[in-house]
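The values are calculated or read from the model by the stated rules, or taken from the named source; none is laboratory data. Note that the structure is a prediction, hence the values are computed from the model and not measured. Glycine gets a Cβ as well: all are built from the backbone with ideal geometry, and neighbour counts include every protein chain shown.
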Protein chains: 2
Amino acid sequence: MSTNTLTGFTCLAPIAARDTVLLGHGSGGRLSGELVRDVFLPAFGSPELERLNDQAVVTVGGARIAMTTDSFVIRPLFFPGGDIGSLAVYGTVNDLAVGGAQPLFLSAAFILEEGFPMSQLRRVAASLQRAAQACGVQVVTADTKVVERGKGDGLFINTTGIGLAPSARELSADRARPGDRILLNGSIGEHGIAILAQREGLEFESAIESDCAPLHTLCAQVLEAADGIRCMRDLTRGGLSSALNEIAAQSRAGIALDESRIPVREEVRGACEMLGLDPLYVANEGKMIAIVAPEAAVSALAAMRNHPLGRGAEIIGTVTEAHAGLVTMKTALGTARIVDMLAGDQLPRIC
Amino acid sequence: MSTNTLTGFTCLAPIAARDTVLLGHGSGGRLSGELVRDVFLPAFGSPELERLNDQAVVTVGGARIAMTTDSFVIRPLFFPGGDIGSLAVYGTVNDLAVGGAQPLFLSAAFILEEGFPMSQLRRVAASLQRAAQACGVQVVTADTKVVERGKGDGLFINTTGIGLAPSARELSADRARPGDRILLNGSIGEHGIAILAQREGLEFESAIESDCAPLHTLCAQVLEAADGIRCMRDLTRGGLSSALNEIAAQSRAGIALDESRIPVREEVRGACEMLGLDPLYVANEGKMIAIVAPEAAVSALAAMRNHPLGRGAEIIGTVTEAHAGLVTMKTALGTARIVDMLAGDQLPRIC
């Protein structure tokens, strides 16, 4: 066992133990990245995969199609602010939206555990459909498999989404340039803390709900308002830190954050302190960042704030030439720290 | 418990018990159909889904896109003739191909159980990639989730495929018309028996391998050779009987089979007799049927037989006006029987 002294998280994965899959391989952090680099990229080696974006863009019959896939294994299935059904729609819609695509069609594949209550399945299916309608997407193809009792965990859902990719605009994690501004649409950490509270039976003074929401109209609004959008990312497992670290690495640029500009709700900050968590690493399901050319930052911020899901938007940092590949942060105390990728696994099965 | 006297299979699902998910809901037979009709269609209610084809066809940016999804939960992961990686490609490629589409791009989503050997994951990824290359499709987007030990079963894979749908030709399960011929590309039951033998440690005189294979070039060849193709289906879980029952129901027509024309390899027939299974219900992964207008049957059969995966092709029956919605069969003994849908679950987790 090793401890990452910068973030305070314990890394559960000594190199020698990595001949088996660890929970942390699903965290969206460093271990997930290793798994992609060591196993999947060498095997699949597609240029689309190697760009490590949330969605691929391919050409079919002359049309530019965006495509993305996500499995949802969240526990519990129902949580304050959402459930696995709505999450399975928003997660995939958001992965398309941050690439600038218009989400259109979804597949939905269910892996059920024998004995799973039919009433819960109906409830999830209804929620999934409501979410799809709210996003203007249609479930057009589906699949169901059943595994024996004890070989699954109630319900896993995979959704794969396709949409119309923009013809010209190219958003990609490798396009951040020194001077670009980093915009965030609101306060972080609510999804992770809501799940954790539900799971552990914690009660806070005011209930914390997941921020689970579809970001497609917000993304479209930002893209329409400003020309210099380099890249957008929704912040899910691995939190703000992992998304920024991936962009810093892919763009070979530094990212300098200003902690005082990063919105965190008081209840979330309190819960994080109590639980020893850093909100930068906590999962979100309705938050996104946009990397924006300096001259476009003001109009992009205005567009964000003009959307119900972007009212709390802030410019939280800048892309730098210095410290290429690293994310650094000026803390509220005025000191500087490195914001590393999530090393181990903070909260398994958060999405 | 009720017994289906026509097929000899026991139905494990008394109506009252159907408030929970049963293994049979994943069988591809009657219970799977109930789940789709009772839960998913009412929830999602899309016209594309309601046609109950293996793939949806949607329009994106002016292009006709075919889309299909499948999760693979097969046990064991490695079996004679294939593994979960190759199966995950062929299964999805075949679902596109039988709709007349050209398979192009795949997503691949992995749900791993904590502790799963990394060496097996590499082996599966390599096999998946080899299969994709053999089919001329590219894995362009991927996802990995990890669940705790005891909450999964090693590895589940979802693949979703998109392809170019034919512009004019309309293949659909509701298009069978009286007089149409039913073509089958070869001997049935090999996948199911190979898996069962491996699982139960059975040994036969000559080893039975899964017939797991990509059918896209065979489908294309048949479509090119003949104009009157109404519908094609690959035969997976639920076997030949379920595919034909679905077509009979969707087309409101009868289907009359001639048992003597249905190829079954001697070893498979022997294993089925020993195990009390009916080859009509046993899963395949490289077999397909085509429903063909009478005047096109001879050229379609010739085209099938001209392909390495169709050498053993036969015309196994006819679509009838009588017995609409039912599949009947003239047995080798000259008697007639109804070939019902798979009622319970013959072999869970066959794909």
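Being more than 7 Å from chain B (Cβ to nearest Cβ) and under 27 Å from A:Val146 (Cα atoms) is the filter; apply it to the stretch A:94-112 and report the residue that is surrounded by the most Cβ atoms within 10 Å (Cβ to Cβ). Can you show your working first?
Going residue by residue through the stretch A:94-112, those that are more than 7 Å from chain B (Cβ to nearest Cβ) are A:94-103, A:106, A:108, A:110.
Pick out the ones that are also under 27 Å from A:Val146 (Cα atoms) and you get A:106, A:108, A:110.
Details: A:Leu106: 30, A:Ala108: 28, A:Phe110: 26.
Top of the filtered list is A:Leu106.
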Next item on the list: Please find, within the stretch B:223-248, the residue that is surrounded by the most Cβ atoms within 10 Å (Cβ to Cβ) out of those that are of a type outside the set (Lys, Arg) and over 17 Å from the mean Cα position of the chain (by Cα).
Entry: B:Ile229
Margin query: Criterion first (crowded, with 22+ Cβ neighbours inside 10 Å, in the same structural domain as B:Gly186 (by TED's automatic domain parsing) and touching a residue at least 40 places away in the same chain (Cβ under 8 Å)) does B:Ile291 satisfy it?
Written below: yes
Note to self: Being farther than 19 Å from B:Gln198 by Cβ and in a helix (DSSP H, G or I) is the requirement here; does B:Ala322 meet it?
What the structure shows: no
Next item on the list: Would you be able to say whether some residue in the stretch A:8-21 is more than 27 Å from B:Pro117 (Cα to Cα), touching an Asp or Glu at 6+ places or on another chain (Cβ under 8 Å) and modelled with pLDDT under 90?
Entry: yes
Next item on the list: Under 7 Å between Cβ atoms, at least 6 apart or on separate chains: pull out the pairs that start in the stretch B:80-94 with a residue that is among the aliphatic types (A, V, I, L, M) and end on any residue that is assigned to a helix (DSSP H, G or I) and at pLDDT 95 or above.
Entry: B:Ile84/B:Val124; B:Ala88/B:Leu128; B:Val89/B:Leu128; B:Val89/B:Ala131; B:Val89/B:Ala132; B:Val89/B:Cys135; B:Val93/B:Cys135; B:Val93/B:His216
Note to self: Against the definition (polar (S, T, N, Q), within 9 Å of chain B (Cβ to nearest Cβ), at negative phi and not in a strand (DSSP E or B)), how does A:Ser119 come out, yes or no?
What the structure shows: yes
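I need the full set of residues from the stretch B:41-54 which are under 24 Å from B:Val327 (Cβ atoms) and modelled with pLDDT of 90 or more, in order please.
Going residue by residue through the stretch B:41-54, those that are under 24 Å from B:Val327 (Cβ atoms) are B:41, B:49-54.
Once the filter is applied, which keeps residues that are under 24 Å from B:Val327 (Cβ atoms) and modelled with pLDDT of 90 or more, the stretch B:41-54 yields only B:Leu41.
Among the helices (runs of 4 or more DSSP H) lying completely within the stretch A:213-285, list those that include at least 1 residues that are touching an Asp or Glu at 6+ places or on another chain (Cβ under 7 Å) and more than 20 Å from A:Arg305 (Cβ to Cβ). Write out each step before concluding.
Values: elements: A:216-225, A:239-251, A:266-275.
Once the helices (runs of 4 or more DSSP H) in the stretch A:213-285 are filtered for at least 1 residues that are touching an Asp or Glu at 6+ places or on another chain (Cβ under 7 Å) and more than 20 Å from A:Arg305 (Cβ to Cβ), what remains is A:239-251, A:266-275.
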Note to self: Restricting to the stretch A:61-93, name every residue that is within 20 Å of B:Gln138 (Cβ to Cβ) and surrounded by fewer than 23 Cβ atoms within 10 Å (Cβ to Cβ).
What the structure shows: A:Gly61, A:Gly62, A:Ala63, A:Arg64
Next item on the list: Output the qualifying pairs, or none if there are none: Cβ atoms under 6 angstrom, residues six or more apart or on different chains, first residue in the stretch A:214-239 and farther than 13 Å from A:Val292 by Cβ and in the same structural domain as A:His307 (by TED's automatic domain parsing), second residue β-branched (Val, Ile, Thr) and outside any loop (DSSP other than H, G, I, E, B).
Entry: A:Pro214/A:Val93; A:His216/A:Val93
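Only residues that are at the interface with chain B (Cβ under 8 Å from one of its Cβ atoms) and small (Gly, Ala, Ser): list them for the stretch A:137-158, please.
Of everything in the stretch A:137-158, those that are at the interface with chain B (Cβ under 8 Å from one of its Cβ atoms) and small (Gly, Ala, Ser) turn out to be A:Ala142, A:Gly150, A:Gly152.
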Margin query: Report every pair of residues separated by at least 6 positions or lying on different chains whose Cβ atoms are under 9 Å apart, first residue within the stretch B:260-277 and over 13 Å from B:Gly192 (Cα atoms), second surrounded by fewer than 11 Cβ atoms within 10 Å (Cβ to Cβ) and of a type in the set (D, E, K, R).
Written below: B:Gly270/B:Glu205
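With the condition kept exactly as written, say whether any residue in the stretch B:106-114 is of a type in the set (A, V, I, L, M, F, W, C), within 22 Å of B:Ala165 (Cα to Cα) and at pLDDT 95 or above. Talk me through it step by step, then tell me what you get.
Restricting attention to the stretch B:106-114, the residues satisfying the condition of being of a type in the set (A, V, I, L, M, F, W, C) are B:106, B:108-112.
Now narrow it down to the ones that are within 22 Å of B:Ala165 (Cα to Cα): B:106, B:108.
Adding the requirement that they be at pLDDT 95 or above leaves B:106, B:108.
Yes, the stretch B:106-114 contains at least one residue that is of a type in the set (A, V, I, L, M, F, W, C), within 22 Å of B:Ala165 (Cα to Cα) and at pLDDT 95 or above.
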Notebook entry, point to check: Of the residues that sit in the stretch B:33-70 and are under 16 Å from the mean Cα position of the chain (by Cα) and more than 8 Å from every other protein chain (Cβ to nearest Cβ), which one is farthest from B:Ala248 (Cα to Cα)?
Noted result: B:Asp54
Margin query: Please verify whether A:Leu202 is out of contact with any Lys or Arg (no Cβ under 8 Å at 6 or more places or on another chain), buried (at least 20 other Cβ atoms within 10 Å of the Cβ) and either outside any helix (DSSP H, G or I) or not polar (S, T, N, Q) (or both), treating the condition exactly as stated.
Written below: no
Next item on the list: Looking for whichever is at pLDDT below 95, more than 9 Å from chain B (Cβ to nearest Cβ) and in a helix (DSSP H, G or I) here; the options are A:Ala173, A:Ala197, A:Ala134. Which one fits?
Entry: A:Ala197
Check: In the stretch A:132-170, how many residues are under 15 Å from A:Gly99 (Cα atoms) and surrounded by fewer than 24 Cβ atoms within 10 Å (Cβ to Cβ)?
Finding: 6
Notebook entry, point to check: Which one of these does B:Arg30 not meet: (1) out of contact with any Phe, Trp or Tyr (no Cβ under 8 Å at 6 or more places or on another chain); (2) under 25 Å from B:Glu285 (Cα atoms); (3) facing another protein chain (nearest Cβ under 9 Å); (4) not small (Gly, Ala, Ser)?
Noted result: (3)
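Yes or no, residue by residue, for (1) over 21 Å from the mean Cα position of the chain (by Cα); (2) outside any loop (DSSP other than H, G, I, E, B):
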| residue | (1), (2) |
| --- | --- |
| A:Ala108 | no, yes |
| A:Gly115 | yes, no |
| A:Ser127 | no, yes |
| A:Ala142 | yes, yes |
Notebook entry, point to check: Does at least one position in the stretch B:172-183 carry a residue that is more than 18 Å from the chain's Cα centre (by Cα) and free of Cβ contacts under 8 Å to residues at least 60 places away in the same chain?
Noted result: no
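Here are B:Ala126, B:Ala142, B:Ala132: which of them is in the same structural domain as B:Leu106 (by TED's automatic domain parsing) and more than 24 Å from A:Phe110 (Cα to Cα)? Let's see the steps before the verdict.
On the way: B:Ala142 fails: more than 24 Å from A:Phe110 (Cα to Cα); B:Ala132 fails: more than 24 Å from A:Phe110 (Cα to Cα).
Residue meeting the stated conditions: B:Ala126.
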Item checked: Residue tally, condition out of contact with any strand residue (DSSP E or B) (no Cβ under 6 Å at 6 or more places or on another chain) and surrounded by fewer than 17 Cβ atoms within 10 Å (Cβ to Cβ), over the stretch B:178-199 -> 2
